[in-house]
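The values are calculated or read from the model by the stated rules, or taken from the named source; none is laboratory data. Since we're looking at a predicted model, the values are computed, not measured. Counting neighbours? That spans all protein chains shown, and the Cβs are built from the backbone with ideal geometry, glycine included. Only protein heavy atoms, including side chains, enter the accessible area calculation; ligands, DNA and RNA are left aside. Shrake-Rupley method; radii C 1.70, N 1.55, O 1.52, S 1.80 Å.
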Amino acid sequence: MNFKNWLNIIFDDDKNYINLKNKFENDKILCVNGVSGSSNTLLISNIFKDYKKTIFFLTKSDEDAGNAKLDFESYGIEKVYYFPSVGTTPYQSSIMDEDTESQRLETLIQILKNDTAIVCLSCDALFFHIIPPQKIREYLINLSKKSTYDMSILTKKLVECGYYRVEKVALAGEFAIRGDILDIYYSSLKNPVRIEFFGDEIESIRSFNSETQKSEENLDEITIPPFKEIVYGKDELEIAIKRLNSLSNDEESKDYIFEKISNFHQFDGEHYYLNLFYEKSNILDYVENPILVIDDITLVNQKIDWIFREFETNYHETANIKKIKYKPNEMLFNIREIYEKSFKVVEVDYLHPKHENNIIFDFEGIPVYLGNLELFKNDIKKYLDEDYKVVLFAVNEIQATRLQGIFNQFAPKDDRFDFQDNGFSIVPLFLSNGFLNKSKKIIFLTDYEIFGKRKKISKHFWTKRTEVIDSFLDLKVGDYVVHIHHGVGQFVGIERVKSTGSEKDYIAIMYADSDKIFIPVEQLNFIQKYISGDFAKPKLDKIGGKGWTKTKERVKRSIEELAGELVKIYSYRLHQKGFAFSPDTQWQREFEAKFPYEETEDQLLAIEEVKRDMESPKPMDRLICGDVGFGKTEVAMRASFKSVMSGKQVMMLVPTTILAEQHY
């Protein structure tokens, strides 16, 4: 039996769970006490498997909803989705984050596709209105090989769905047509897709890398969702214009919104104008007989009150008085309406006293050890002596391996695929919080409880190697640039030039004698920003002159000389013997396990390569590069600790006194 199958039967003989199932048959609203940590998601996982109905798992915040989704995945739930809130301030001019909108659309589409699923969402996401489900269905574009689709109709529908037509797709929300080929970048969460037609028949569908244009995967069919959440056609547009005229006399605001919606373009704060197009709808309307689980009913009720107060406050703000706007109750659902839409409601209550009519479980929380390994080891020994099954969840494979070394005295094993209901297991799965159940003799722990909560670095990390200029958006008028064929010039802007019957965007570059050349934006890779060690303005090259050719020849000779010197230096180093540092010790593993952040993939790779270099007898020669806050210091700290463990001293050289004090 594997770990996830064991979780499916953990409640089979539980009298409290049997009581819950009996009440489920007769009562609409059930209240549950006595859960703690991630036992809530374990309980709901079993309800989902038993009842085969879509469950909406409601939390007080987006962060809690995202963590709940990861819990469900660790418990073996395959169809679990996260529906984030719009993440904008009510009545303010702001556009939803692109990744957030893609995630919301992806979740709505998956709910419509699947008979049952678990959807994790916050109060902000549940109580705010959304597009009706029939409209999402109407604007889904299903394409498959050998099927037919008129290209002109497809183009029109893509524009209505919020896509922009461009020469070459580079960003999510763009599509390009070149002859019988359609490229579309329909989600920031996925690669773009290339569809080849023969007449109106689709010959092939494949995903490709937008940077290299190389094909990645052949597909038999795809479903293209709307790129924006607010989609509408001609009929809805006519309704919106009528409602807009009756809503306000502010002509300036009306003209702005009219211009945007007439061209099917997104605009600031558009989610607060959904009522222009549709009647108020909720995500619970997307399924039949939804089950609503409210995690921590007390805090959720407090959050609901706060949401309504925030809307009311912003509605009456002086800066918003003249704005075209809908009232809060026209955009928000109240708790009574949410309960009416739900087939069953399960209220999980952590704070209030247990009531005899409630279903009362016997889960308990886990103490936080704050790095006190001796206390933790003593407790684990006690639990194992009492025949408890102890499962320690590690955030990733590397952390799991590290923890196995730290706690090797308990003979830990990763038995996910051959699960034993006793002993000590360490599994590389996410769990937001641990819990204990004395009657079942199980204890689930996370490395957070041992070492403290790990923080996620909020920045985005890219592993792709970027060019000096990724897009013309990186250039400002007046920047000096270098063209591979023409030399040093000055960027003067993007100009639209008509040639051979069509208009295209060109990069305009000024050279000596005020000569100007136009470079197609598709040839951006021929251009790099001018970089120099001094601040003097560079001399512009002359178009057709020999200066640039001579410069390239001179640089080529210098590079060849430098390369020759480097070859000699590195050849000499390869034949020298360095110091081979010892492998990681127990102390090293404990030191690294206490790192208060989740390591990124690139950071882990850098740490592994540095350690490999240190353990080699060859002299080390490595440079670690990264932006501020991307984790370079942690790489240095682990290398320093490893050095000290091998009896060596470490000198850390930094550029300023303040940095020296901070590192100290």
What ³J(HN,Hα) values, in whole Hz, does the Karplus curve 6.51 cos²θ - 1.76 cosθ + 1.60 give for the range 550-563 when θ = phi - 60°, with x put for Gly and Pro?
5, 4, 4, 5, 5, 5, 4, 5, 5, 5, 5, 5, 5, 4
Radius 10 Å from Cβ of residue 331, net charge of other residues (Lys, Arg +1; Asp, Glu -1)
+2
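Of 4/113; 214/476; 113/234; 23/53, which ones are farther than 22 Å apart at the Cα? Don't skip to the answer; put the middle values down first.
Details: 4/113 25 Å; 214/476 30 Å; 113/234 26 Å; 23/53 16 Å.
Going by Cα-Cα distance, 4/113; 214/476; 113/234 fall outside the 22 Å limit.
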Suppose each label sits 7 Å from its Cα in the direction of the beta carbon; what would the residue 61-residue 386 distance come out to in nanometres?
3.2 nm
Centre separation in Å (Cα based) which lies between the range 594-634 and the range 163-201:
39 Å
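Just subtract the alpha-carbon distance of residue 114 and residue 398 from 0.36 nm times their residue separation and send over the number in nm, one decimal. Mind showing how you got there, number by number?
Details: separation 284, 0.36 × 284 = 102.24 nm, distance 3.45 nm.
Additional length available on full extension: 98.8 nm.
Where does the range 1-147 land on the Kirkwood hydrodynamic radius, alpha-carbon pairs, in angstrom? All intermediate terms of the calculation are to be shown ahead of the outcome.
Details: mean 1/r = 0.0577 Å⁻¹.
When all Cα pairs of the range 1-147 are included, the Kirkwood radius is 17.3 Å.
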When the charge dipole of the chain is computed with +1 at the Cβ of Lys and Arg and -1 at the Cβ of Asp and Glu, the Cα pointing farthest to the positive end, of 507, 581, 393, is that of 581
List the lysines whose Cα lies under 16 Å from the Cα of residue 542, skipping any in the same chain that are fewer than 8 positions away.
516, 550, 552
Under 21 Å between alpha carbons, and skipping anything fewer than 8 positions from residue 381 in its own chain: which lysines qualify?
389, 413, 438, 440, 441
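Evaluate the charge dipole of the range 532-588 about its Cα centre and quote only its size in Debye, nearest 20, assuming +1 on the Cβ of each Lys and Arg and -1 on the Cβ of each Asp and Glu.
On the way: 12 positive and 7 negative charges, 98 e Å.
Charge dipole, the range 532-588, about its Cα centre: 480 debye, nearest 20.
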Of the candidates 276, 139, 620, the farthest towards the positive dipole end of the chain (Lys/Arg Cβ +1, Asp/Glu Cβ -1, centred on the Cα centre) is 620
Extension length gain for residue 312 and residue 340 (0.36 nm per residue less Cα distance), in nm, is 7.7 nm
Solvent-accessible area of residue 589, probe 1.4 Å, all protein chains present, reported in Å² to the nearest ten, please.
60 Å²
Quick one: work out the % antiparallel among DSSP beta bridges in the chain, nearest 5.
55 percent
Looking at 181, 163, 199, which one has the Cα that reaches farthest to the positive end of the dipole of the range 155-224 (charges on Cβ: Lys, Arg +1; Asp, Glu -1)?
163
Estimated 222 nm signal from helices in the chain, with DSSP H stretches of n ≥ 4 weighted -39500 (n - 2.57), rounded to 500:
-11000 deg cm²/dmol
How far is the Cα center of the range 86-143 from the Cα center of the range 389-434, in Å?
36 Å
For mean projected area of the Cα convex hull in nm², pick the label among [x] 82.0; [y] 35.0; [z] 39.5 that corresponds to the value derived from the coordinates.
[z]
How far apart, in nm, are the 7 Å Cα→Cβ label points at residue 657 and residue 576?
3.4 nm
Arrange the residues 198, 595 by how much accessible surface each exposes, largest first, with a 1.4 angstrom probe.
198, 595
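Grab the beta carbon distance between residue 609 and residue 512, set R0 = 45 Å, and tell me the FRET efficiency rounded to 0.05.
So, using R0 = 45 Å, E works out to roughly 0.45.
For a Förster distance of 41 Å, can you work out the FRET efficiency between the beta-carbons of residue 492 and residue 622, rounded to the nearest 0.05? It would help to have the intermediate numbers written out before the result.
Values: r = 42 Å, r/R0 = 1.02.
My answer for the efficiency is 0.45.
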R0 = 35 Å: FRET efficiency of residue 552 with residue 180, Cβ-based, nearest 0.05?
0.30
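Taking the Cα centre of the chain as origin, sum charge times position over the Cβ atoms of Lys and Arg (+1) and Asp and Glu (-1), and report the length of that vector in debye to the nearest 20. The partial results should precede the final answer.
Working: 88 positive and 106 negative charges, 334 e Å.
So the dipole magnitude of the chain works out to roughly 1600 debye.
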Grab the Cα-Cα distance for residue 357 and residue 641, subtract it from 0.36 nm times how many residues apart they are, and report the gain in nm with one decimal.
96.6 nm
To the nearest 20 debye, what charge dipole does the range 251-376 have about its Cα centre, counting +1 at the Cβ of each Lys and Arg and -1 at the Cβ of each Asp and Glu?
380 debye
